[in-house]
Amino acid sequence: RTEFALKETMSSGGAEDDIPQAERKTVTDFCYLLDKSKQLFNGLRDLPQYGQKQWQSYFGRTFDVYTKLWKFQQQHRQVLDNRYGLKRWQIGEIASKIGQLYYHYYLRTSETSYLNEAFSFYSAIRQRSYYSQVNKEDRPELVVKKLRYYARFIVVCLLLNKMDVVKDLVKELSDEIEDYTHRFNTEDQVEWNLVLQEVAAFIEADPVMVLNDDNTIVITSNRLSETGAPLLEQGMIVGQLALADALIIGNCNNQVKFSELTIDMFRMLQALEREPMNLASQMNKPGMQESTEKPARRENPHKYLLYKPTFSQLYTFLAASFKELPANSVLLIYLSATGVFPSGRSDSEGPYDFGGVLTNSNRDIINGDAIHKRNQSYKEMHCLHPGDLYPFTRKPLFIIVDSSNSVAYKNFTNLFGQPLVCLLSPTAYPKALQDQSQRGSLFTLFLNNPLMAFLFVSGLSSMRRGLWEKCQDYLRKINRDIAQLLTHSRSIDQSFLQFFGDEFLRLLLTRFIFCSATMRMHKIFRETRNYPESYPQLPRDETVENPHLQKHILELASILDVRNVFLENTLDDY
């Protein structure tokens, strides 16, 4: 290949012998690095998607080669322009691959700082217009590379909450797609227009806008900040378990999605991450930092993001997480999925008799239906039943189910005596709120951004920044009080307290109780199925129906001038 590249690029410049040896070596070295980088990059696809250790050395080697390649083309740009005919879009391709590497490193490690690195490479491509000349070449496959770059850049910006950049990118991508389909008359026009529709719906999924004084939208982040979780105070006796791994599963029909992230998955993954730091000061490249340079703070829990997995995919990832879970650690399973209800009547009440949530079926579903019609006593096959999770309760397990059949998981049994908690969404919402489900579940919104969810159920769709910040401060006070209620409760199940030592789980538990208390006081949430539940059950009078907490919720409603939305008569004690 190298010889070919040399001959191709030098045929116009006279005889090959006229080229100085040093320049010839530059081109040869560049071709070698380029080939090697492509080979390693393509090999990333063959690495197992699960298991945390096997891939690290391979990623390290790939980063090494790309770092060398990037520096090499910077140092020898003149020679490569003259002798190799290096085009700007080729430099853009290298930068784009490095951006993809950082993004995949983030997916593998859950370290949010790598998103910043991906962002800086993707930004450089746009600022330096590396792809600007692509449209002049009569090669549709090059234009597709450019369009894919835009789609990848948008994903990274969404994850970093850079919504202003996302809006600019969407406009540019829209123009590029129009130009592409106009020039090449291709068949993938529908697919690219769908990409635009998906990202537009994703941006508009938040039900409440927070506005600056000049009416620009305030971008709020819902990752864990220094002041996020209520601090543990003296006298609070809690467990020492740490959240180490999480499976975030999205299988809802008709929910807003972009790339392979539903809006529920997107919200939950941010609830399990800390705010990104800038990486530049800490390390040169992934996997290469010295132990002395490690960040002082705790790492994010590792995550697997599974979009519409089949049962076997889900079970494989679950088993891998279970196997690699360190001592004194917790595995979290988040299920946002369509409910699957039992098809026949069952006399027993076992862990396979209540249905569960949907897993993806690769085969035609009609075939499955035919089997059920023949024999009503069979269980649903494309479904994660509570009993399917029993083997994994041998280690501490924290389960969140957001589904129309979440209550199937209320019939859990703790077989092995390990800490085990299930937080379960309402199975139905009042009619007035139902049309929102496409934009994400209200229950997950409460776990990710409780104030936004509170405003939404109160009928508010926008709010000034000053008032938003005042309410956030008040909500922090409420969270502190909920932490007090939980840790001082005399009848609470020990599992809740064993998980309470971890910052992420502490925040999820306090938000769950706030969500449940809010819904129980709300005038339109009147049926039992409108309320979240848990396994084991929480003592209501000490938590979700505690008069002290109810008083706080009314105070928050008063600050927002929406007190009329809530019931007052629950406060007879005051």
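The values are calculated or read from the model by the stated rules, or taken from the named source; none is laboratory data. The shown structure was predicted, so the numbers you read here are calculated from the model rather than taken from an experiment. Note that each Cβ is placed from the backbone with ideal geometry, even for glycine, and that neighbours are counted across all protein chains shown. Only protein heavy atoms, including side chains, enter the accessible area calculation; ligands, DNA and RNA are left aside. Shrake-Rupley method; radii C 1.70, N 1.55, O 1.52, S 1.80 Å.
The table below lists the values:
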| read-out | value |
| --- | --- |
| Packing rank of 530-539, 217-226, where each peptide gets the mean count of other beta carbons within 10 Å, highest leading | 530-539, 217-226 |
| Percent breakdown of C-alpha pair distances by 10 Å bin, ordered from the shortest bin, for the range 127-276 | 9, 30, 29, 19, 8, 3, 1, 0 |
| Antiparallel content of DSSP bridges confined to the chain, in %, to 5 | 25 |
| Degrees, to the nearest 10: 189-203 long Cα axis against longest axis of the chain | 50 |
| Over the range 43-136, volume per residue of the alpha carbon convex hull, in Å³ | 113 |
| Relative packing of 91-100, 61-70, 442-451, which averages over residues the other C-beta atoms within 10 Å, highest first | 442-451, 91-100, 61-70 |
| The chain: relative contact order in percent, alpha carbon pairs under 8 Å with at least 6 residues between | 14 |
| Highest average packing first - 171-180, 458-467, Cβ atoms within 10 Å | 171-180, 458-467 |
| Mean projected area (nm²) of the alpha-carbon convex hull when the range 435-516 is viewed from all directions | 6.3 |
| Angle between the chain longest axis and helix 21-43 axis [Cα atoms, degrees, rounded to 10] | 30 |
| The chain - percent of accessible surface contributed by carbon and sulfur, probe 1.4 Å | 48 |
| Per-selection metrics, the range 414-478 (Cα): Rg and Dmax in Å | 15.6, 50 |
| Straight-distance crosslink candidates among aspartates and glutamates, where the alpha carbon sits under 15 Å from residue 303 and sequence neighbours closer than 8 are dropped | 111, 245, 260, 264, 273, 324 |
| Surface accessible to a 1.4 Å probe, residue 46 within the full protein complex, Å² | 130 |
| Reciprocal of mean inverse Cα separation for the chain (Kirkwood radius, Å) | 26.4 |
| 3J(HN,Hα) from dihedral phi, the range 104-116, Karplus parametrisation 6.51/-1.76/1.60, rounded to Hz, x for glycine, proline | 5, 5, 4, 4, 6, 10, 6, 8, 4, 4, 5, 5, 4 |
| Rounded accessible area per residue of the chain, 1.4 Å, Å² | 47 |
| Cα long-axis angle, helix 163-184 against the chain (0 to 90 degrees, to the nearest 10) | 50 |
| Taking the convex hull of Cα positions in the range 393-451, its mean projected area over all directions (nm²) | 4.9 |
| Orientation-averaged projected area, Cα convex hull of the range 455-503 (nm²) | 4.8 |
| Computed log₁₀ I(q)/I(0) - Debye formula, equal Cα scatterers, no solvent, the range 467-574, q 0.14 Å⁻¹ | -0.55 |
| Euclidean distance between Cα centres, the range 76-138 to the range 495-540, Å | 46 |
